[in-house]
Amino acid sequence: MRFIVSEGRLIPEVLAKANDPAAKPISHIDSMPSIPMHPEFPYSPELLSFLEGKQLLLEELPFPLDLIQAHYEHGYLSYEKGMMKTKHGWRCMRCGNEEHHFFASFPCARCQTVCTYCRKCIMMGRVSTCTPLVVSRFSFPQDRYLSPLSWNGTLSQGQQRAADAVEDAVVHNGELLVWAVCGAGKTEVLFPGIARALEMGKRVCIATPRTDVVRELFPRLQQAFPSVPLIALYGGSDDRGKFAPLVLSTTHQLLRFSRAFDVMVIDEVDAFPYSVEPMLEYAAAKARKEASSLIYLTATPHPAWQKEIKRGKRKAVTIPARYHGFPLPVPSFEWCSNWRRQLKHRRLPRNVLAWVQSRIKTAKQAFLFVPHIDVLEQVVCILKQLDQRIEGVHAEDPQRAEKVQAFRDGRIPLLVTTTILERGVTVPNIDVAVLGAEDDIFTESALVQIAGRVGRSAQYPSGDIRFFHYGKTRQMIAAKRQMERMNKEAAERGLLKTQ
Amino acid sequence: MNCLICHTPYNPMMSWRHLLTIEKVDCLCSKCRHAFMRMNGEICDICGRPFAGLEPSHRQGRLCADCVRWQEDDEWKDVLTKNRSVYMYNEWMKEVVALWKFRGDYAIVQAFQEEFCREFYRHFDHTFLIVPIPLSAERLYERGFNQAKALAELLALPIHDILTRHHLEKQSKKSRRERLRTENVFQFSGKTSLQGKRIVLIDDIYTTGTTLRHAAKVLRQAGATDISSFTLIRS
């Protein structure tokens, strides 16, 4: 659509009385007027509560345009540019995209010009140069909750220290990184901080790139905070468009928020899919209030962050030990010759085959990670001759959920997988091997996550982790060192069980 | 290069033909490209529907049962000379169309360029008038662009915007019966007579053929002698 700038305000062309040749797409308007709030304006509580904390397209607002315009003219909401010109091109103001190949242009029927639009967040409705983003400038008083936490577990010593730091960050609007090893119990670490925030009438959001994490956290948070309205936002969830004091959201759904939260928790910042990562950072920054706290949870911070932590430039707290107090099992490396060539001859390296055979003989379940789908298919084909029950699973496998369930139930002795299972799937008493650990896909963080599958339960706190490789990489060494460092720190801090 | 649809990086197949600019490099990765199903095999003489997979009872000689029905109706007989399409409507195509038309990712039209043009010239030529099926003003504003016109522009031939359309509820929510009964939503808005002209209507999809026949009828009343249609998809 096009706007006319008149008497210090924007007027949508369709609402203007006369045709104005100066009407322009919003991104082409140089100085955006700002309007002071008129306190005596009889605002619509329906409109303002729908829009509170959000940044929406006009078509996402089920209200007539003249009502929206009246709220704009009285300072209760503002129109923002959907796209902003940068030095080298455009930036999408909803998702932060600046990559050239994610923009395209088309002859736009709404503004009669050639309009550039963002292809990265198109699944949420098109943002183009003539698209205004509607943002509320009004906020309703927020409810306070008295002792909302009804969780009566106890935190380990390592967890407690992190929980205190989280609570401190919440109270003082600070920034904090919680670096917790796989299996440390990082969700519980948030509970006291979230409780404190809710007592203070703050709004809390836990954002993560993965829908699985949202679904998994939802019942746990519901149980911990039974009196607090909680919503889960992901593609296809029923809660979309709602707002609550406690929000669980995926990256994409977070993009619809603006200056909404007092506490922003980002879970698994380093997680797959990698391409979403800069978008998550942008979305989280936009969805936070100016004065708010920011808490990152991760098991494997990227190397740049690790460096910052070492130099004291980033505030961080580590939980180097698992909740059960046993040290992390550390991977061992084993050279397996040119395994790709052997695969061509429909063979697996002898030591890899021996490893698999010994798992099957001792009936110990295991994951075998491989770098790509094509490798996966070949390996499964070979291993099926060993044991028909062996299966493979990859990201686009339609039977993914069934196969993972069958593995949990013990019906599959060994599951060959690509990196999709590196997170989240927790099965007690398993071993893990990686075939081709030298592949680029196995980054330090991926390898730490893979190793993190082993020894999660207190009954079976150890297991075998084997990286079969055709040439050691820095990533492999860094992953192993990271785990050893964590074990050392845990021992020094007295967090490990002494037998 | 990144694939236009799935955005994953890929290495386009390069050969001497590409270097000599005889052929353009594909903007899709091979996985996305091969997921489209081109029309092939025997088809209905009128509507272009493939006979493969169709029940024998739905076929009478060289026509499908639907077209026989159209031909038996004096009001609709020969209104549309023939329809030809490029792709079948498989699950993948549904997804791509949803992204292109409903989410509004205009750029995807490029992916159809080569095959759309090649197929057009197999059945038609530049002597036909190209008429894209219009959208109503309301729908055009909502979408931001007309997908039929975007397709017509791929042909690089003059486009004749000589039809307008009333606003009605969405076609896809109605049954065939209801669609047939509905009044004609199109009007002729051209300035010159169509006497003796041959026309190709362009649209994204042929489903029951009602929309295209309604448009054809209006053009026939305006004097055109031969009206066919060419769509991206035959569902």
| said: Test of understanding: what is the full-extension gain from A:S332 to A:Q385, defined as 0.36 nm times their sequence separation minus their Cα-Cα distance? | reply: 16.4 nm
| note | Quick calc: nm separation of the 7 Å Cα→Cβ label points for B:Q60 and A:S105 -> 5.3 nm
| remark: Residue by residue through the range A:458-464, the couplings from Karplus 6.51 cos²θ - 1.76 cosθ + 1.60 with θ = phi - 60°, in Hz, x for Gly and Pro, are 5, 5, 10, x, 10, x, 9
| request: Could you size up the charge dipole of the range A:157-319 around its Cα centre, putting +1 on the beta carbon of Lys and Arg and -1 on that of Asp and Glu, and report it in debye to the nearest 20? | output: 340 debye
| remark: Given all pairs of distinct Cα atoms, the range A:332-492 yields a Kirkwood Rh in Å of 15.9 Å
| request: Per residue of the range A:109-117, in order, report the coupling 6.51 cos²θ - 1.76 cosθ + 1.60 (Karplus, θ = phi - 60°) as ³J(HN,Hα) in whole Hz, putting x for Gly and Pro. | output: 6, 7, 10, 6, 10, 7, 9, 8, 9
| request: Apply 1/(1 + (r/R0)^6) to the Cβ-Cβ distance of B:A52 and B:L99, taking R0 = 30 Å, and write down the FRET efficiency to the nearest 0.05. | output: 0.65
| said: Given axes a ≥ b ≥ c from the Cα gyration tensor, I'd like to know whether chain B is rounded (a/c under 1.5), prolate (a/b larger than b/c) or oblate. | reply: prolate
| Centre separation in Å (Cα based) which lies between the range B:101-124 and the range A:189-234 | 46 Å
| Among the GluC sites (Glu not before Pro) within the range A:36-102, which fall in a DSSP loop and have no more than 10 other Cβ atoms within 10 Å of their own Cβ? | A:E40
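Determine the shape class of the protein assembly as shown: with a ≥ b ≥ c the square roots of the Cα gyration tensor eigenvalues, call it rounded for a/c under 1.5, and otherwise prolate if a/b is greater than b/c, oblate otherwise.
oblate
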| note | Taking a crude spin-label model, label points 7 Å out from Cα along the C-beta direction, the A:D66 to B:H34 distance in nm is 5.9 nm
| request: Give the relative contact order (percent, whole number) for the range B:38-234; include only Cα pairs under 8 Å separated by 6+ residues. | output: 25 percent
| query | How large is ³J(HN,Hα) for each residue in the range A:322-333, as worked out from phi by the Karplus curve 6.51 cos²θ - 1.76 cosθ + 1.60 (θ = phi - 60°), to whole Hz, x for Gly and Pro? | reply | 6, 4, 7, x, 9, x, 5, x, 9, x, 10, 9
| Say R0 is 35 Å: what FRET efficiency, to the nearest 0.05, do A:F41 and A:E290 get from their beta-carbon distance? | 0.90
| note | Checked against a 32 Å limit on the C-alpha separation, the offending pairs among A:K286/A:K310; A:K344/A:K403; A:K384/B:K24; A:K480/B:K31 are A:K384/B:K24; A:K480/B:K31
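Can you pull the mean other chain C-beta count within 10 Å for peptide A:103-110?
If you average over the peptide's residues, the count of other-chain Cβ atoms is 6.
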| request: Divide by every residue of the protein assembly as shown the summed helix terms, -39500 (n - 2.57) for each DSSP H run of at least 4, and state the resulting mean residue ellipticity at 222 nm, rounded to the nearest 500 deg cm²/dmol. | output: -8500 deg cm²/dmol
| note | Helix B:113-123 sits off the longest principal axis of the Cα atoms of chain B, rounded to the nearest 10 on a 0 to 90 degree scale, by 40 degrees
| remark: Projecting the Cα atoms of B:G223, B:H166, A:S292 onto the charge dipole of the protein assembly as shown, where Lys and Arg contribute +1 and Asp and Glu -1 at Cβ, the residue farthest towards the positive end is A:S292
| message | Relative contact order for chain A: what percent, with Cα pairs under 8 Å and sequence separation of 6 or more? | response | 13 percent
| Label-point separation (nm) for A:M32 and B:Y10, each offset 7 Å from Cα along Cα-to-Cβ? | 3.8 nm
| said: Per-residue counts of other Cβ atoms within 10 Å, averaged by peptide: what ranking do you get for A:242-255, A:16-29, A:141-154, highest first? | reply: A:242-255, A:16-29, A:141-154
| message | Treating only the Cβ of Lys, Arg, Asp and Glu as charged (+1, +1, -1, -1), what charge dipole size does the range A:2-136 show about its Cα centre? Round to the nearest 20 debye. | response | 640 debye
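Considering only DSSP beta bridges whose two residues both sit in chain A, what percent are antiparallel, to the nearest 5?
Rounded to the nearest five, the antiparallel share is 35 percent.
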| request: May I ask for the distance between the Cα centers of the range A:143-165 and the range A:427-499, given as a whole number of Å? | output: 29 Å
| message | Place a point 7 Å from Cα of A:T113 in the direction of its Cβ. Which residues in the range A:46-90 have their backbone N less than 18 Å from it? | response | A:79-90
| query | With respect to the cross-link table entries A:K120/A:K289; A:K54/A:K202; A:K364/A:K497; B:K101/B:K149; A:K24/A:K120, which display a Cα-Cα separation exceeding 18 Å? | reply | A:K120/A:K289; A:K364/A:K497; A:K24/A:K120
| field | Estimated FRET transfer efficiency when R0 is 25 angstrom, pair A:T362-A:D440 (beta carbons, to 0.05) | value | 0.15
| field | Mean Cβ count within 10 Å, highest first, over the residues of peptides A:202-208, A:103-109 | value | A:202-208, A:103-109
| remark: So, relative contact order of the range A:32-124 in percent, Cα under 8 Å, 6 or more apart, is 20 percent
| message | Using the crude model of +1 on Lys and Arg Cβ and -1 on Asp and Glu Cβ, and no other charge, please compute the dipole size for the range B:81-165 relative to its Cα centre, in debye to 20. | response | 220 debye
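Using a 10 angstrom Cβ neighbour count of at most 10 plus a DSSP loop assignment to flag exposed GluC sites (Glu not before Pro), which longest range of chain B is free of such sites?
B:76-168
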| remark: Most exposed first, judged by fewest Cβ atoms within 10 angstrom, A:K364, A:K85 run A:K85, A:K364
| query | Which residues' amide hydrogens lie under 5 Å from the amide hydrogen of A:L294, considering only partners 5 or more residues apart or on another chain, with H built in the peptide plane? | reply | A:G174, A:E175, A:L176, A:M264
| task | At a Cα cut-off below 19 Å, give the lysines reachable from A:K315, other chains included and same-chain residues fewer than 8 away excluded. | result | A:K186, A:K307
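What's the average, rounded to a whole number, of partner chain beta-carbon atoms within 10 Å of each residue's beta-carbon in B:94-103?
Working: counts 0, 0, 0, 0, 1, 3, 1, 0, 0, 6.
So the per-residue partner count for this stretch is 1.
No lab work stands behind these numbers, since they all come straight from the coordinates. Quick caveat, the model's predicted, so the values are computed rather than measured. As a convention, Cβ positions derive from the backbone with ideal geometry for all residues, glycine included, and neighbour counts pool all protein chains shown.
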